[in-house]
Structure formats: structure tokens, C-alpha cells
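Quick notes on the structure that follows.
The values are calculated or read from the model by the stated rules, or taken from the named source; none is laboratory data. Note that the structure is a prediction, hence the values are computed from the model and not measured. Here the Cβ is made from the backbone with ideal geometry for all residues, glycine too, and neighbour counts use every protein chain on show.
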Amino acid sequence: MERKDFLKRGFGSLLGIAAIAPLVGGCSKTEIDPTTTSSGTTTSTGSTNGSSSSNCSVTPSETEGPFPTKTPANFVRKDIRDDRTGVAFTVNITIKNASSSCAALAGALVDIWHCDKDGYYSEYGGTGMQSVNFTTVDFLRGRQTTDANGLVSFTSIFPGWYSGRAPHIHVHIYNASGKSLLVTQIAFPYDITNTVYTTGTSHGYTKGAQDTKNENDNVFSDGFTTELATVSGSISGGYTLTHTIVVSA
């Protein structure tokens, strides 16, 4: 089965897992207006969810997809690049607790994983879902524990894209005891991804513009207002993603 067919049919039924419907409705604006500074840095502002006790909706649950990390505890590391090359990328994720007036959640375990610049995942492959076999490597997967401010940071490369999906990062959050709190995904502003994919050829991004935007994506199409990250930076200097995820702990 091709990966895009898997995506269209839905992950839940094929994996034997009930798909959890997102908690947030449609987005009022699907394209973010970028701001460019004199230094050439471009910033697209995403969700403000979690910024206060009155703006504190639990982030939608999403499928962990067909390529979840098999043994997350093996990848406690900040730098998740391994041998993957691409535009430099820093991921800063803050976890807030809706059950405590959106206070920072310290001590939470945060797993992330995403595809490389060519759209491939580690730990999988050699099938119709992903033809290139990466079953013996584990790039672009990592786990960190939130600090007193609820923050974790990862050093990575800017994710690529594959047919049928908008660019995204998978996130699984557990409490300090290992209880699963939320599986979700992070969406990217289109103007930033389009810049990387159409002008980042010197860094190996050769596929051109993505074929699926957030509003047409099977995961994000029913609303991605609270899943949209803020991304700032440039091709030459690298990008930084900043995002808040709200859980109920």
C-alpha cells in the first residue's frame, strides 16, 4: 500500500487504534503573513494557545502515524540529527497544563520525530509505505524532559515533505511517571516551508514546493489553529520553531 493511500484511509483503522478526533474547529486564517527584518530573517507567527489561563485549550489529539518511534526511551538526546543534512533547525516546545490554569508542566517526557529533507523516516522502509529502507537507523527521533518552565529543545534539520501530507512534526507527551498525556502533531506556516523547499536547493531540498497545504491535509484540514507553530529564521542562518502544547495532567 502506498503511504498516501494509507493517509487517505486513516491511520486508526489500519493500526487497530481508534482515531481521536481533534478538539478544535476550523481555522479562521490558513496562511500567515510573514515579517522580514533587515537582516533577512523571516518570521511567521503561529498559535497563541497556552499564553494565559483564559487562552488555554487542550491541544488536539492526532494519530502518531505509521512511523512512531519504536523504543522512545532509547533516544534521550537533544541533538537528533545523526547523519541527516539540511537547513539548521532548532525546535523549542513548551508544555502547559490546562488543569493548573495553564501553568508550565515540569518533568514531562516529550518525544518528537519527523522525516528527513527527502520525506523519509528512520526505523522503517522497504515496503510500499516507504520504499527506501531505513530500518537499521534512527535519525530525527528524540526525547527530552521539560524544565521548570515546561520547555524542551531539540537540534535538528528542517523537515521535508512527502505526498499527501503537509510538513509536520509528531509529538508524544508523557507525565513524569510515564503515563501518556497526549499524542499530537505540529503544523508549519506555509510561507516558511515554501521558502525552504523552493530556495533551499544548496542544502539538498530538491523536490520543490509541497503538494499539500495544511488546509488540505487529512490531519489538519479540520482545524489547525492551535497546532500551528511560530517559525523564524533564514536559509543561511537556520530556523527556530517555537510552539506551546497544552495537555491535561
Count - residues of segment 118-176 that are of a type in the set (S, T, N, Q), more than 29 Å from ALA98 (Cα to Cα) and in contact with a Lys or Arg (Cβ under 8 Å, 6 or more places away or on another chain): 3
Verdict on TYR205 being touching a residue at least 40 places away in the same chain (Cβ under 8 Å) and either outside any loop (DSSP other than H, G, I, E, B) or buried (at least 18 other Cβ atoms within 10 Å of the Cβ) (or both): yes
Sole exception among (1) buried (at least 19 other Cβ atoms within 10 Å of the Cβ); (2) closer than 18 Å to THR90 by Cβ for PHE224, by number: (2)
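Consider segment 51-67. How many of its residues are of a type in the set (Gly, Ala, Ser) and either touching a Lys or Arg at 6+ places or on another chain (Cβ under 7 Å) or without any contact (Cβ under 8 Å) to a residue 60 or more places away in the chain (or both)?
Here the count works out to 3.
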Residue list for segment 211-224, restricted to those being more than 14 Å from the chain's Cα centre (by Cα) and in contact (Cβ under 8 Å) with a residue 12 or more places away in the chain: ASP211, THR212, LYS213, GLU215, ASN216, ASN218, ASP222, GLY223
Odd one out for ALA176 among (1) in a loop (DSSP other than H, G, I, E, B); (2) more than 24 Å from THR63 (Cβ to Cβ); (3) without any contact (Cβ under 8 Å) to a residue 24 or more places away in the chain: (3)
Qualifying residue in segment 32-45 (condition: acidic (Asp, Glu), at pLDDT 95 or above, under 24 Å from VAL196 (Cβ atoms) and surrounded by fewer than 21 Cβ atoms within 10 Å (Cβ to Cβ)): no
Filter result (under 23 Å from ASP83 (Cα atoms) and assigned to a loop (DSSP other than H, G, I, E, B)) within segment 183-202: GLY200
Complete set of residues in segment 54-93 that are more than 16 Å from SER122 (Cβ to Cβ), of a type outside the set (A, V, I, L, M, F, W, C) and in a strand (DSSP E or B): ASN55, THR90, ASN92
ASP111 vs. criteria in contact with a Ser or Thr (Cβ under 8 Å, 6 or more places away or on another chain), closer than 27 Å to SER53 by Cα, in contact (Cβ under 8 Å) with a residue 60 or more places away in the chain and of a type in the set (D, E, K, R): yes
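If you check SER236 against the conditions, is it in a helix (DSSP H, G or I), surrounded by fewer than 17 Cβ atoms within 10 Å (Cβ to Cβ) and modelled with pLDDT of 95 or more?
For SER236, the condition - in a helix (DSSP H, G or I), surrounded by fewer than 17 Cβ atoms within 10 Å (Cβ to Cβ) and modelled with pLDDT of 95 or more - is not met.
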Selection from segment 188-221 of residues that are small (Gly, Ala, Ser) and more than 30 Å from ILE95 (Cα to Cα): GLY200, SER202, GLY204, GLY208, ALA209
PHE158 being of a type in the set (A, V, I, L, M, F, W, C), over 30 Å from SER54 (Cβ atoms) and buried (at least 21 other Cβ atoms within 10 Å of the Cβ): yes
Residue within segment 151-166 that is among the charged types (D, E, K, R) and touching a Leu at 6+ places or on another chain (Cβ under 8 Å) present: yes
